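Below you'll find the structure, written out as structure tokens, and then a few comments.
What follows is calculated from the coordinates using simple rules that are stated; it is not laboratory data. This one's a predicted model, so the numbers in the text were calculated from it and none came from an experiment. All Cβ positions, glycine included, derive from the backbone under ideal geometry; neighbour counts span all protein chains shown.
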Amino acid sequence: MTVLETLALALATLAASALVSLLALRVLGRRLLDRPNLRSSHRQPVPRGGGVGFVPLAIVIIALVAIFADGAARWGVLAGAVVVAAVSLADDMRSVPASLRLAVQAGAVALALLSLPLDGPVIAAALPVWLDRLLLGLAWVWVINLFNFMDGIDGIAASEAAVVGLGLVVLGLTAPALGLATAEAAIVAAAAAGFLVVNWHPARLFMGDVGSVGLGFLVGWLMVDAASKGAGWAALTLPLFFLADATTTLIARALRGRRLGEAHRDHAYQAAVDRGIPQPVVSGLVIALGLLLAALALVSRQAPALAVSGAAALVAGAILWLRWGRAGQLGKGGGSSER
């Protein structure tokens with residue numbers, strides 16, 4: 001697709017996502033409420049499950065692009081996305097055991113990987129293909145779950161998906177020889193951004209697991225696609241803040257003997273909100289950081305060591321400040337959040 005066609009597709013998706021998100025707000029307003037608990041930041045019940053609008057929308061538009069535009073093999077990925085989103089919606093409505101959710105995610109990822117035209121190892125050329133695919137699948141499942149874990153304040157998960165998708169679009173348009181899934185990245189970015197009309201602080205609607213897990217699956221696919229086409233360092237750099245915050249938090253909890261599946265408020269971004277930094281400031285910082293990481297992802301094509309080390313330094317600094325930095329005159333936090 002040309003630059004103008006990609007832009008038009010993104011704008012159409014953005015508008016459609018905003019509309020279906022407003023419709024989801026009307027439908028879910030009194031039917032599926034996220035009630036505050038000890039681990040929540042929101043103080044009043046807020047409808048959840050808003051991903052039931054923009055995630056299916058993204059899937060449908062990606063399918064239409066596959067049919068009418070490039071004809072690329074996306075059907076295993078789209079089938080996996082549908083299954084994962086459906087089980088996550090069921091979990092939003094009535095709790096589904098974590099073991100079953102994880103098994104479904106693993107199965108959907110395996111189906112997607114088997115359907116993708118991957119030639120040889122993706123992670124490292126020295127790995128046997130079976131081990132490479134196993135590690136690739138585990139990484140994809142982790143991306144799915146870290147989006148769920150990081151979906152804890154207004155606008156943060158949708159913003160991250162939008163910025164990561166935007167970074168891939170710019171990379172794909174500036175390096176067309178890579179053959180990245182640029183149109184699909186634009187769709188995911190625009191669908192996530194459209195949800196912000198109801199999810200930015202103070203959020204009127206939460207995306208729920210159907211949104212966060214669905215987004216995680218689609219973003220994971222885009223990362224695999226980029227890595228398989230020679231942009232592995234960019235695929236690592238773009239979502240590095242979410243990867244680092246979720247992974248370091250999980251490791252710290254494991255070292256303290258905490259239950260890993262238990263709900264908590266231990267992430268760096270949650271620590272910042274708990275110290276009184278307003279949620280829009282924290283989400284805005286994640287957006288700004290994401291844009292810087294997107295710029296470094298472009299640099300990674302020519303200077304991978306410089307880009308990755310710069311990204312690591314930026315993310316480490318951001319996490320340290322979120323956890324222990326002084327709030328200064330930023331004011332008091334509060335308002336609704338997703339946990």
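So if each residue of separation counts as 0.36 nm, and I subtract the Cα-Cα distance between residue 251 and residue 291, what length gain in nm does that give?
Residue separation times 0.36 nm, minus the Cα-Cα distance, leaves 11.7 nm.
In terms of the ratio Rg/(2.2 N^0.38 Å) built on C-alpha atoms, what value belongs to the stretch 1-152?
Computed over Cα atoms of the stretch 1-152, the ratio equals 1.22.
What does the highest-first list of 316-322, 268-274 look like by mean Cβ count within 10 Å?
Descending packing order for the listed peptides: 268-274, 316-322.
Between residue 12 and residue 312, what is the spin-label point distance in nm, taking each point 7 Å from the Cα along the Cα→C-beta axis?
In this crude label model, residue 12 to residue 312 measures out at 4.3 nm.
What does the extension gain come out to for residue 19 and residue 68, with contour length at 0.36 nm per residue minus their alpha carbon separation?
My answer for the length gained is 15.3 nm.
So which helices of the chain fit the span-like rule, where a helix is a whole DSSP H run, its Cα atoms reach 24 Å or more along the axis, and its mean Kyte-Doolittle is at least 0.5?
Span-like helices here: 3-28, 75-93, 98-115, 129-150, 156-174, 182-199, 208-228, 279-299, 304-324.
List 2, 247 from most exposed to least, where exposure is judged by having the fewest other Cβ atoms within 10 Å.
Going from least to most buried by this count: 2, 247.
Under the rule of -39500 (n - 2.57) per DSSP H run of 4 or more residues, summed and divided by the residues of the chain, what mean residue ellipticity at 222 nm is obtained, to the nearest 500 deg cm²/dmol?
About -23000 deg cm²/dmol.
For the pair residue 301 and residue 264, how long in nm is the line joining their label points, each one 7 Å along Cα→Cβ?
Placing both labels 7 Å beyond Cα along the Cβ direction yields 4.0 nm.
Taking a ≥ b ≥ c as the square roots of the Cα gyration tensor eigenvalues, with a/c under 1.5 meaning rounded and otherwise prolate when a/b beats b/c, else oblate, which class fits the stretch 99-216?
Oblate shape, in that a/c is at least 1.5 and b/c is the bigger or equal ratio.
Starting with the highest mean, order 117-127, 220-230 by the number of other Cβ atoms within 10 Å, averaged over the residues of each peptide.
Final packing ranking: 220-230, 117-127.
Using the per-residue mean of other Cβ atoms lying within 10 Å as a proxy for protection, in what order, highest first, do the peptides 232-238, 99-105, 208-214 fall?
Packing proxy ranking, top to bottom: 208-214, 232-238, 99-105.
Can you compute the modelled spin-label distance between residue 102 and residue 30, with each label point 7 Å from Cα toward Cβ, in nm?
Distance between label points: 4.0 nm.
In whole Å, how far is the Cα centre of the stretch 79-115 from that of the stretch 145-204?
20
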